[in-house]
Structures are given as C-alpha cells and as structure tokens.
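What follows is a short report on a single structure.
The values are calculated or read from the model by the stated rules, or taken from the named source; none is laboratory data. This one's a predicted model, so the numbers in the text were calculated from it and none came from an experiment. In this analysis, Cβ positions are derived from the backbone assuming ideal geometry, glycine residues included, and neighbour counts consider all displayed protein chains. Remember, those area values only see protein heavy atoms, side chains included, never the ligands or the DNA or RNA. Shrake-Rupley method; radii C 1.70, N 1.55, O 1.52, S 1.80 Å.
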Amino acid sequence: MEKKVYSVDGKELRTITLDDKVFGLPVNEDVIYYAINNELANKRVGTACTKDRSEVHGSNAKPYKQKGTGRARRGDKKSPLTRGGGVIFGPKPRDFSFTLPKKVKRLAMKSILSMKAQNDTLTVVEDFTVESGKTKDLASILKNFPVDGRTVIVLKDDDAKIKQAGRNLPTVSFLSYNRLRAHDLFYGRRVIVLESAVKNLSGFYAEEAE
C-alpha cells in the first residue's frame, strides 16, 4: 500500500510503501472488540463494597416475639428487609482484569492500523519534534491536519518534548509504536504516524497474518 508523506506544513513530500502485513490486513472486528474490552476491564478499580446481614452492626435479638402479634416473623434488625439492614447480593471488591493472548492483541493492533489506512484516516508525517515544548508550537503544526475530534500521534520513541507540548491539548493523545492502546487508536478520528514510526511498526508487528 502506498501512502503520501506530508511535511509539518501539510505539503506532500514523497510516497512511502506500507507493509501489507501490518497495514493491509482484512479488518477483524472481533479481536478489536476483545482488545478494547480488555483495556477497559483492566482499568476498572472494583472497590465497590456493601455489607450483608452478617457484617451490619446491630443486636441479634428478635424485635418482637415470634407468635401472637399477627405480624410476620422477624429474626433481627439486621435483616435485609429492614431499613438499615444488610444488602442482598450486594457488590464486593473484585478484580475485573484479565489477560488477553499476545497473538490476539497484536492482531487487534494490526487490524486497527489496517482499518485506519484503508479509510484514509491515517496520515504519515515526516519526523518532527517540538524543541520548545510549547503547546502553541504543536497546535500550529496540527492546524495543517484539521480533524473534528480526537487526534492520535504515533511516535517513533518516547519523545518527552512533544508530549509536554501536547499536555494542554485535550483532544490529542500520544502513543509509542511499541505501546499502542487499542481504545485510543480505534476512537482516534485522525491518526498521525511519524515516518520513522511507520518503519518501526512494520518491524515490530512483522509476522505472518493470521
């Protein structure tokens, strides 16, 4: 697959060949769903907790005698049927995280990259950085690639300066080529990949297509 490489000014510079094993695969929606669900589940805290009748503080004495009152029999004040009593089948602290097979996760990333490349929402830009670390300098570059929504920038390495410049841009997120997140990548309306990151992605995910 051929893609145009743009300058930071938004001008066409040259073309680059994308590896079909990474950017030209058929989109597998199932593995994309599993990868996104896995990331969201791993973020859940799972600290919700309620008390059942054995944990509620109170007396074990019967509130009134068993027979002769005409009322329903009642064990104690901690009954779930009483105000202030325990909760029936309430939530307890739990771990929602689970492990996704490595091959499934890698296939999901390649499927998302292929989908973005085929939908023309993936843009290859020459390598750049923001030496000043200022938000206005990065914003002036992104104006040449307008998009209505979130922009995801895939970096060739962990560039601290460009991340510093983008901290105050709520619709911009950064991903390193070897630490992609399916959720951010999938919901990004525009994916900007640095030219060197394209080569790194091809090397990192180069394997036989499933």
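Miscellaneous remarks
- Number of residues in segment 159-208 that are within 24 Å of GLU12 (Cβ to Cβ) and of a type in the set (A, V, I, L, M): the value is 9.
- Only one entry of ARG53, ARG83, ARG74 meets the criterion of being part of a loop (DSSP other than H, G, I, E, B), surrounded by fewer than 11 Cβ atoms within 10 Å (Cβ to Cβ) and without any contact (Cβ under 8 Å) to a residue 60 or more places away in the chain, and that entry is ARG83.
- ARG94 touching a residue at least 12 places away in the same chain (Cβ under 8 Å) and not in a loop (DSSP other than H, G, I, E, B): no
- Given (1) modelled with pLDDT of 95 or more; (2) small (Gly, Ala, Ser); (3) over 15 Å from ARG106 (Cα atoms), index of the condition ALA61 fails: (1)
- Within segment 125-149, residues that are over 15 Å from ARG190 (Cα atoms) sit with their Cβ atoms under 6 Å from residues that are open to solvent by less than 60 Å² (accessible area, probe 1.4 Å) and assigned to a loop (DSSP other than H, G, I, E, B), at 6+ positions apart or across chains, in these pairs: GLU126/SER7; PHE128/VAL8; THR129/ASP159; ASP137/VAL130; LEU138/VAL130; LEU138/GLY166.
- Pairs, first within 23 Å of PHE204 (Cβ to Cβ) and open to solvent by 30 Å² or more (accessible area, probe 1.4 Å) in segment 3-29, second among the hydroxyl-bearing types (Ser, Thr, Tyr) and not in a loop (DSSP other than H, G, I, E, B), C-beta under 7 Å, six or more apart: LYS4/THR15; TYR6/THR123; ASP19/SER202; GLY24/SER114; VAL27/SER111; VAL27/SER114; ASN28/SER111
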